[in-house]
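Notes follow the structure.
The values are calculated or read from the model by the stated rules, or taken from the named source; none is laboratory data. Only a predicted model underlies this, so the values are computations on that prediction, with no experimental measurement involved. Glycine gets a Cβ as well: all are built from the backbone with ideal geometry, and neighbour counts include every protein chain shown. Areas reflect the complete protein model, heavy atoms only, side chains present, ligands, DNA and RNA absent. Shrake-Rupley method; radii C 1.70, N 1.55, O 1.52, S 1.80 Å.
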Amino acid sequence: MNFVFAIKEAFYALDNPENAYWMRWYMRDQYPFIGIKKPERAVVFKAIYKEYGRGEDWFEVCSELFAMPEREFQYVAMEYMLKAKKSWDSRIPELIDRWVDEKTWWDVVDVLAPKVLSDYFILFPEQRDMWVARWMQSPIFWHQRLCILFQLNYKSQTDLELLRQVILSLNTSKEFFIQKAIGWALRQYARTDADWVRAFVEEHKLMPLSKREALKHIS
């Protein structure tokens, strides 16, 4: 038995239609769910990873899981990817690029950007600008959300010029998830340098939602 087979068998055995209904409702009916809540999913993942998870090709495992229809498998694909950090290579951004093309929403992007791409671009900094430039030109706005949020936890290591460029390229967007991401990125950086964020907001015209989010915790 391999990891993918084991996790499928365990998850389908936990089918909960009532939970699945409300989980679909919360996610605006974007994807089907089995109905496994995060704490229960974490327990199952930990046990099966311990028994079957090591020694497999992370790319194959993640690709197969993410292709499954139910959303819980996409979450597990990302968890497995994080576990495989020591084996990451150039297939990481390629896989993320494909995932965003195929079936993404904020729940996936908001893991891939600050938890996967953030560390990947530290490990392979020479690839960062190429992928950011590519995604900023994408017709899929979720790619732009990746560019806004991957520095979310960089604190004093944040590339402020890149952050500035990305935000100013998108600051007139009418897309809710872009406006929200801009505000979130600025609000998070304000924990490191509130003066910089305050000055940035004063200097540049942002959409009301972005501005409100950016200044939420600045007195």
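Within region 54-113, which residues are of a type in the set (A, V, I, L, M, F, W, C) and within 16 Å of Phe5 (Cα to Cα)? Please lay out each step first, then the result.
Going through region 54-113, the residues of a type in the set (A, V, I, L, M, F, W, C) turn out to be 58-59, 61-62, 65-68, 73, 76-78, 81-82, 84, 88, 92, 95-96, 99-100, 105-106, 108-109, 111-113.
Scanning region 54-113 gives Trp58, Phe59, Val61, Cys62, Leu65, Phe66, Ala67, Met68, Phe73, Val76, Ala77.
Restricting attention to region 8-32, report how many residues are without any contact (Cβ under 8 Å) to a residue 24 or more places away in the chain and either of a type in the set (Gly, Ala, Ser) or assigned to a helix (DSSP H, G or I) (or both).
Selection size over region 8-32: 12.
Hey, can you tell me all the residues within region 170-184 that are part of a helix (DSSP H, G or I) and surrounded by 14 or more Cβ atoms within 10 Å (Cβ to Cβ)?
As a first pass, look at region 170-184 and keep what is part of a helix (DSSP H, G or I): 170, 176-184.
Listed by number, the residues that qualify are Leu170, Phe177, Ile178, Gln179, Lys180, Ala181, Ile182, Gly183, Trp184.
I'm trying to understand the selection: among the residues of region 102-125, which are under 8 Å from the mean Cα position of the chain (by Cα), within 18 Å of Leu162 (Cα to Cα) and open to solvent by 10 Å² or more (accessible area, probe 1.4 Å)?
Passing the criteria: only Pro114.
Among the residues of region 204-216, are any at pLDDT 95 or above, buried (at least 16 other Cβ atoms within 10 Å of the Cβ), under 17 Å from Ile92 (Cβ atoms) and of a type in the set (Ser, Thr, Tyr)?
no
Here are Gly35, Gly55: which of them is closer than 27 Å to Tyr120 by Cα, of a type outside the set (Asp, Glu), assigned to a loop (DSSP other than H, G, I, E, B) and free of Cβ contacts under 8 Å to residues at least 40 places away in the same chain?
Values: Gly35 fails: closer than 27 Å to Tyr120 by Cα.
Within the list Gly35, Gly55, the selection yields Gly55.
For region 136-166, which residues satisfy the criterion of being free of Cβ contacts under 8 Å to residues at least 40 places away in the same chain, assigned to a helix (DSSP H, G or I) and crowded, with 22+ Cβ neighbours inside 10 Å? Spell out how you get there, then give the answer.
Residues of region 136-166 that are free of Cβ contacts under 8 Å to residues at least 40 places away in the same chain, as a first pass: 136-139, 141, 144-145, 147-148, 150-166.
Subsequent filtering for residues that are assigned to a helix (DSSP H, G or I) retains 136, 141, 144-145, 147-148, 155-157, 160-166.
Within region 136-166, Gln144, Arg145, Cys147, Ile148, Val166 meet the criteria.
Among the residues of region 62-101, which ones are in contact (Cβ under 8 Å) with a residue 12 or more places away in the chain, charged (D, E, K, R), open to solvent by 10 Å² or more (accessible area, probe 1.4 Å) and in a helix (DSSP H, G or I)?
Glu64, Glu79, Lys83, Lys85, Arg91, Asp97, Asp101
Restricting attention to region 189-203, which residues are β-branched (Val, Ile, Thr) and exposed (fewer than 15 other Cβ atoms within 10 Å of the Cβ)?
Just the residues of region 189-203 that are β-branched (Val, Ile, Thr), to begin with: 192, 197, 201.
Hit for region 189-203 is Thr192, nothing else.
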